[in-house]
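The next block holds one structure in the form of structure tokens; read it before the comments.
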Amino acid sequence: MSRPSETTPPRVMGIVNATPDSFSDGGRFLAPEAALAQARRLIAEGADILDLGAESTRPGSDPVPADVEIARLVPLIEAIRAESDIVISVDTMKPRVARAALAAGATIWNDVTALRHEAASLETAAELGCEVVLMHMQGEPRTMQHEPHYDDVVAEVRDFLAARAEAAMAAGVARGRIWLDPGVGFGKHMLRHNLPLMAGLGQIVALGFPVLLGASRKSFIGALSGGAPPDRRVGGSIAAAIAGAEAGVAAVRVHDVAETVQALAVWAAIRQAGATSPA
Ligand code: HH2
């Protein structure tokens with residue numbers, strides 16, 4: 001899942017929320033038919049991967065029982081699988097949910113806790129043989145925005161991700177199946193931590209694993225645009241995706257697929273022209 005070259009754009013992972021309280025969609029896609037319609041739209045807009053989540057991780061959100069997550073996700077995955085071979089990622093911290101989603105046709109386990117939520121997480125990922133996204137988060141979703149602290153945010157996030165990759169490999173996850181994610185907005189001060197982290201993405205890419213960047217519609221973009229609400233953060237989200245592309249990330253997790261695909265195509269074409277034209 002690494003990028004073949006510096007002029008290849010990152011893959012675009014479109015977000016499909018099957019939650020009643022996700023901050024950016026406001027639960028508009030809760031009904032299975034509506035989530036399926038959203039998935040179809042993102043595929044048509046050029047998504048390479050769909051990331052399906054049934055538990056919101058926004059600050060202050062309540063946990064969702066595994067059975068509820070499974071009931072929201074499995075029929076949706078089966079319905080997408082019945083009509084498309086798009087890569088499906090499941091955004092869950094629970095091994096039982098990951099197992100059910102993988103059995104239904106997902107191939108990537110996106111875990112915002114980097115396989116720390118349950119004792120069985122590491123072994124389950126190894127057993128399932130799936131790709132895993134290991135994301136950095138300081139604290140846990142309910143409390144993570146209460147006074148996050150770092151002495152050096154880039155070094156701390158990088159070292160955490162390197163250690164989690166080691167732990168996953170020690171448990172039997174193949175090196176080639178591991179993705180890393182800096183976890184923009186997860187236990188990070190809006191500007192004091194997220195901006196240096198975005199600026200230091202290259203240090204995380206340098207660890208040698210494909211990096212997934214999830215900056216789409218996040219609150220630091222609102223803070224930099226006069227308090228724009230989530231659905232008015234497209235421009236800032238694209239700027240963040242381009243910054244990720246420049247730094248060498250392998251994929252961007254976004255809400256606005258069509259706009260991001262277009263922006264990255266233009267970015268890649270410019271890079272390509274620069275790489276092939278005489279000086
Ligand atoms: N951000 C959210 C959820 N899952 N997974 C990864 N790997 N990286 C991220 O940055 C990331 C993630 C944000 O979660 P939520 O509050 O559910 O909002 P939405 O899913 O609409 O982005």
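The values are calculated or read from the model by the stated rules, or taken from the named source; none is laboratory data. It should be emphasised that the depicted structure is a prediction, and the values quoted were computed from it without experimental measurement. Counting neighbours? That spans all protein chains shown, and the Cβs are built from the backbone with ideal geometry, glycine included.
Going by the structure shown, is L195 within 12 Å of the ligand (Cβ to nearest atom) and either of a type in the set (A, V, I, L, M) or buried (at least 22 other Cβ atoms within 10 Å of the Cβ) (or both)?
no
Got at least one residue in region 187-197 being without any contact (Cβ under 8 Å) to a residue 40 or more places away in the chain and within 18 Å of N17 (Cβ to Cβ)?
No, every residue in region 187-197 fails to be without any contact (Cβ under 8 Å) to a residue 40 or more places away in the chain and within 18 Å of N17 (Cβ to Cβ).
Residues of region 71-106 being part of a loop (DSSP other than H, G, I, E, B), within 16 Å of the ligand (Cβ to nearest atom) and over 14 Å from the mean Cα position of the chain (by Cα), which ones?
Of everything in region 71-106, those that are part of a loop (DSSP other than H, G, I, E, B), within 16 Å of the ligand (Cβ to nearest atom) and over 14 Å from the mean Cα position of the chain (by Cα) turn out to be K94, A106.
Does I238 satisfy the condition of being surrounded by fewer than 19 Cβ atoms within 10 Å (Cβ to Cβ) and either away from the ligand (no atom under 14 Å from the Cβ) or assigned to a loop (DSSP other than H, G, I, E, B) (or both)?
No: the conditions fail for I238.
Condition check ((1) within 18 Å of V249 (Cβ to Cβ); (2) over 17 Å from the mean Cα position of the chain (by Cα); (3) not in a helix (DSSP H, G or I)) across all residues:
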site	(1), (2), (3)
M169	no, yes, no
G176	yes, yes, no
L180	yes, no, yes
V184	yes, no, yes
H189	no, yes, yes
L195	yes, yes, no
I204	yes, no, no
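I'm trying to understand the selection: among the residues of region 51-70, which are within 12 Å of the ligand (Cβ to nearest atom) and on the phi < 0 side of the Ramachandran plot? Show your work before the answer.
Our first condition is that a residue be within 12 Å of the ligand (Cβ to nearest atom); within region 51-70, this holds for 51-61, 64.
Result: D51, L52, G53, A54, E55, S56, T57, R58, P59, S61, V64.
For the subset of region 129-167 comprising residues that are part of a loop (DSSP other than H, G, I, E, B) and small (G, A, S), which member is nearest to A250 (Cα to Cα)?
Once the filter is applied, the top-ranked residue is G129.
Name the residues in region 163-185 that are surrounded by 15 or more Cβ atoms within 10 Å (Cβ to Cβ) and either over 25 Å from Y150 (Cβ atoms) or within 9 Å of the ligand (Cβ to nearest atom) (or both), would you?
M169, A171, V173, R177, W179, D181, P182, G183, V184, G185
Being in contact (Cβ under 8 Å) with a residue 40 or more places away in the chain and surrounded by fewer than 19 Cβ atoms within 10 Å (Cβ to Cβ) is the filter; apply it to region 207-233 and report the residue that is nearest to the ligand (Cβ to nearest atom).
D231
Among the residues of region 81-123, how many are among the hydroxyl-bearing types (S, T, Y), surrounded by fewer than 24 Cβ atoms within 10 Å (Cβ to Cβ) and either closer than 20 Å to R11 by Cβ or in contact (Cβ under 8 Å) with a residue 60 or more places away in the chain (or both)? Show your work before the answer.
Taking region 81-123 as the starting set, the residues that turn out to be among the hydroxyl-bearing types (S, T, Y) are 84, 89, 92, 107, 113, 121.
Narrowing the set further to residues that are surrounded by fewer than 24 Cβ atoms within 10 Å (Cβ to Cβ) leaves 84, 107, 113, 121.
Applying the additional criterion that residues be either closer than 20 Å to R11 by Cβ or in contact (Cβ under 8 Å) with a residue 60 or more places away in the chain (or both) yields 84, 107.
Within region 81-123, residues that are among the hydroxyl-bearing types (S, T, Y), surrounded by fewer than 24 Cβ atoms within 10 Å (Cβ to Cβ) and either closer than 20 Å to R11 by Cβ or in contact (Cβ under 8 Å) with a residue 60 or more places away in the chain (or both) number 2.
Starting from residues that are of a type outside the set (A, V, I, L, M), modelled with pLDDT under 85 and within 14 Å of L73 (Cβ to Cβ), keep the ones in region 23-58 and report whichever is surrounded by the fewest Cβ atoms within 10 Å (Cβ to Cβ).
P32
Output yes when any residue across region 113-124 is modelled with pLDDT under 95, under 26 Å from L73 (Cβ atoms) and within 14 Å of the ligand (Cβ to nearest atom), and no when none is.
no
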